[in-house]
1. Tally the residues that are exposed (fewer than 15 other Cβ atoms within 10 Å of the Cβ) and under 14 Å from residue 247 (Cα atoms), restricting the search to the range 201-215.
2. Please go through the range 111-131 and give me each residue that is surrounded by 14 or more Cβ atoms within 10 Å (Cβ to Cβ) and in contact (Cβ under 8 Å) with a residue 40 or more places away in the chain, ordered by number.
3. What number of residues in the range 234-245 are surrounded by 12 or more Cβ atoms within 10 Å (Cβ to Cβ) and not in a loop (DSSP other than H, G, I, E, B)?
4. Could you list all residues from the range 119-152 that are within 11 Å of residue 108 (Cβ to Cβ) and out of contact with any strand residue (DSSP E or B) (no Cβ under 7 Å at 6 or more places or on another chain)?
5. Answer yes or no: is there a residue in the range 209-220 that is under 14 Å from residue 145 (Cβ atoms), assigned to a loop (DSSP other than H, G, I, E, B) and at pLDDT below 95.
6. Any idea which of 220, 229, 214, 191 is free of Cβ contacts under 8 Å to residues at least 12 places away in the same chain and in the same structural domain as residue 181 (by TED's automatic domain parsing)?
7. Under the condition of being at pLDDT 90 or above and more than 14 Å from residue 150 (Cα to Cα), which residue from the range 85-105 is nearest to the chain's Cα centre (by Cα)?
8. Among the residues in the range 88-97, are any surrounded by 12 or more Cβ atoms within 10 Å (Cβ to Cβ), at positive phi and assigned by TED's automatic domain parsing to the domain that holds residue 187?
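The values are calculated or read from the model by the stated rules, or taken from the named source; none is laboratory data. It should be emphasised that the depicted structure is a prediction, and the values quoted were computed from it without experimental measurement. As a convention, Cβ positions derive from the backbone with ideal geometry for all residues, glycine included, and neighbour counts pool all protein chains shown.
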């Protein structure tokens, strides 16, 4: 015989005993047991008058089931916390993870937590990018901006830009710019001590070239690589080159 209780939940009555499935919600089981205690389940194959002994036994079953469910819940919670902890530990100090670049705006750090001078501008896993913000060593007199930078998780970023404050108030006097740079802020050399720039492979635009107008008097720009001729043409049109303040080689 089938017994319908509490919003359509079904229970099977067999030989005068209500069969409680092991996966039943404890709230629903509680409803059944409450009904038994009040003698509400009648004419269903079970005794009309529920004995105290039977209810006590049913309560014991309920308690056991509740305890088991509690243990399962705790185990699930512990597993979830362990998973979360593992994910957090997998993240490096720069918030990157293997195959997952650090978020845009993140200032990448080394294994000791020190800033590297690179900030994430594109976190696309297939082609992440960073820009050069400042030399990692405050006492450095030379800055060699690489084509790529690798974070603590092994993600490789293209170095595509130079920030407006990259050399402001630093001790850097010589800068080497390589081929992946496609943006140089017009103020990149403002209030800097930079006098010598080596352009190796980068394809300059007129907008990028304007940044070199901020070089110290007597500055020198040396071009090399496949774009040497075109880069020199663009640089020679700068007012600071025409008036002799800066020389191009």
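1. Taking the range 201-215 and keeping what is exposed (fewer than 15 other Cβ atoms within 10 Å of the Cβ), we get 205-207.
This time we only want the ones that are under 14 Å from residue 247 (Cα atoms), so: none.
Of the residues in the range 201-215, 0 are exposed (fewer than 15 other Cβ atoms within 10 Å of the Cβ) and under 14 Å from residue 247 (Cα atoms).
2. 118, 119, 121, 131
3. Of the residues in the range 234-245, 4 are surrounded by 12 or more Cβ atoms within 10 Å (Cβ to Cβ) and not in a loop (DSSP other than H, G, I, E, B).
4. The answer is 152, and nothing else.
5. As a first pass, look at the range 209-220 and keep what is under 14 Å from residue 145 (Cβ atoms): 211.
Those still in the list that are assigned to a loop (DSSP other than H, G, I, E, B) too: none.
Taking every residue of the range 209-220 in turn, none turns out to be under 14 Å from residue 145 (Cβ atoms), assigned to a loop (DSSP other than H, G, I, E, B) and at pLDDT below 95.
6. Details: 220 fails: free of Cβ contacts under 8 Å to residues at least 12 places away in the same chain; 214 fails: free of Cβ contacts under 8 Å to residues at least 12 places away in the same chain; 191 fails: free of Cβ contacts under 8 Å to residues at least 12 places away in the same chain.
Being free of Cβ contacts under 8 Å to residues at least 12 places away in the same chain and in the same structural domain as residue 181 (by TED's automatic domain parsing) holds for just one of 220, 229, 214, 191, which is 229.
7. 103
8. no
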